[in-house]
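Please read the structure below before turning to the comments.
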């Protein structure tokens, strides 16, 4: 085998995973990272425990990527959640399954895993150059802005793993979209995913309840009926339950101009039981007392009813019970993409072959969040980044062999 030079642009999970596989195959690999250190978004995810993957049945897991699920299928098949856990264990990171089915490192941090991974890459000869920002093409070569000035770099194969458009302060700023479009690569606009939403709260509600968690509820949208909790923010709502519905709410806003979550504030009680228990309350008791005694509704849940139902005090038990079980919470717009956990959009699948090579740029491959896919939180995002990084690396090896490189 002839050893060749491979350039990987981006030092996140997809790029580093590709670097591991390609260097293990005996090639010279250089990772170019715009930020002062690699894996910044990976480390940020680790601050809350690093939800690395999910333990649910793989048949269900593989459908979590929306319209992109069929295209991601082969990559996911090649690096399933159990294989990801075995890989982490090989780096000295044990994992466990939480009560929600999510998988975390036992240490509940990303930094030990990243340090061990970087040691492995160093041992395999991978060179990592930080503060090297890709700024476009010069013919078929890559132009880099470096601490020593502008440089032009050529390689036998290139992997772009530049991330999406969320959390740009960590390096994923989507500046690359124009350079790829100029080369004929189809790139769709980025949109926020796993994001919060704006709601026009009254000033009274905002000042009193911003930061409050709304617990033990279910929320329904086109995404389904999902139990969980969310947080009231000064701007609207955020949190895991909101993120689970984010794509459905965003898409409905884009197509219909309006969207709402349908909240069940008392999922453990039937509408008939609540109506009956409300009817039994002393008519002279305050509304707050009646809600608390009949439906277990108080605090921020009661405040939501008051905020969203102007005629709440005049509602009869059947109507009030129905409102408690199906409270419409209209959302105005997604929060800015810079705040989103992840993004939708990017390099369109029609411009990528089955080996993750850009059809308009032979020898240039793409992986990770810069491709047009999205997934809910729960370990799916990281798993797909790892998996597409591996798949793209395998595509590079296959292409170089076919080219005689």
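The values are calculated or read from the model by the stated rules, or taken from the named source; none is laboratory data. Everything numeric in this text was worked out from a predicted model, so none of it was measured. Cβ coordinates were reconstructed from backbone atoms using ideal geometry, including for glycine residues, and neighbour counts include every protein chain displayed.
None of 310, 336 is without any contact (Cβ under 8 Å) to a residue 12 or more places away in the chain and surrounded by fewer than 24 Cβ atoms within 10 Å (Cβ to Cβ) except 310. Residue-level check: of (1) more than 22 Å from residue 224 (Cα to Cα); (2) crowded, with 17+ Cβ neighbours inside 10 Å, residue 272 misses just (2). The single condition from (1) farther than 21 Å from residue 384 by Cβ; (2) assigned to a strand (DSSP E or B) that residue 104 fails is (1).
Of note, residue 3 satisfies the criterion of being in a loop (DSSP other than H, G, I, E, B) and free of Cβ contacts under 8 Å to residues at least 40 places away in the same chain. Where strands (runs of 3 or more DSSP E) fall entirely within region 151-246, those with at least 3 residues that are without any contact (Cβ under 8 Å) to a residue 40 or more places away in the chain and not assigned by TED's automatic domain parsing to the domain that holds residue 347 are at 224-232. Comparison of 49, 73, 26 shows that the only residue that is at positive phi and at pLDDT 95 or above is 26. Screening residue 352 with (1) surrounded by fewer than 21 Cβ atoms within 10 Å (Cβ to Cβ); (2) touching a residue at least 12 places away in the same chain (Cβ under 8 Å) gives one miss only, at (1).
The condition of being farther than 16 Å from residue 345 by Cβ, crowded, with 18+ Cβ neighbours inside 10 Å, in contact with a strand residue (DSSP E or B) (Cβ under 8 Å, 6 or more places away or on another chain) and modelled with pLDDT of 95 or more does not hold for residue 233.
Would you check if there is a residue in region 125-136 being at pLDDT below 95, surrounded by fewer than 20 Cβ atoms within 10 Å (Cβ to Cβ) and assigned to a loop (DSSP other than H, G, I, E, B)? So far as region 125-136 goes, no, none of its residues is at pLDDT below 95, surrounded by fewer than 20 Cβ atoms within 10 Å (Cβ to Cβ) and assigned to a loop (DSSP other than H, G, I, E, B).
Residues of region 278-305 that are under 13 Å from residue 322 (Cα atoms) and at pLDDT 95 or above: 305 alone.
Looking at 367, 326, just one residue is surrounded by fewer than 16 Cβ atoms within 10 Å (Cβ to Cβ), in contact with a strand residue (DSSP E or B) (Cβ under 8 Å, 6 or more places away or on another chain), under 30 Å from residue 238 (Cβ atoms) and at pLDDT 95 or above, and that residue is 326. Reported count of residues in region 141-171, each being modelled with pLDDT under 90 and closer than 21 Å to residue 29 by Cβ, is 1.
Listed here are the residues, each with its yes/no results for (1) outside the structural domain of residue 244 (by TED's automatic domain parsing); (2) crowded, with 16+ Cβ neighbours inside 10 Å; (3) assigned to a helix (DSSP H, G or I).
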residue	(1), (2), (3)
43	yes, yes, yes
63	yes, no, no
72	yes, yes, yes
76	yes, yes, yes
84	yes, yes, yes
93	yes, yes, no
113	yes, yes, yes
116	yes, no, yes
119	yes, no, yes
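Whether a residue is out of contact with any strand residue (DSSP E or B) (no Cβ under 6 Å at 6 or more places or on another chain), surrounded by 17 or more Cβ atoms within 10 Å (Cβ to Cβ), farther than 16 Å from residue 340 by Cβ and not assigned by TED's automatic domain parsing to the domain that holds residue 375 was assessed, and residue 257 does not pass this test. The numbered conditions (1) crowded, with 21+ Cβ neighbours inside 10 Å; (2) within 15 Å of residue 328 (Cα to Cα) are all true for residue 200 except (1). Where helices (runs of 4 or more DSSP H) fall entirely within region 297-405, those with at least 2 residues that are more than 30 Å from residue 76 (Cβ to Cβ) are at 299-308, 317-325.
Restricting 361, 397 to residues that are under 16 Å from residue 25 (Cβ atoms), in the same structural domain as residue 27 (by TED's automatic domain parsing) and modelled with pLDDT of 95 or more narrows the list to 397. Taking region 144-191 as the search range and keeping residues that are more than 26 Å from residue 42 (Cβ to Cβ) and more than 28 Å from the chain's Cα centre (by Cα), which one is surrounded by the fewest Cβ atoms within 10 Å (Cβ to Cβ)? Here the residue is 149.
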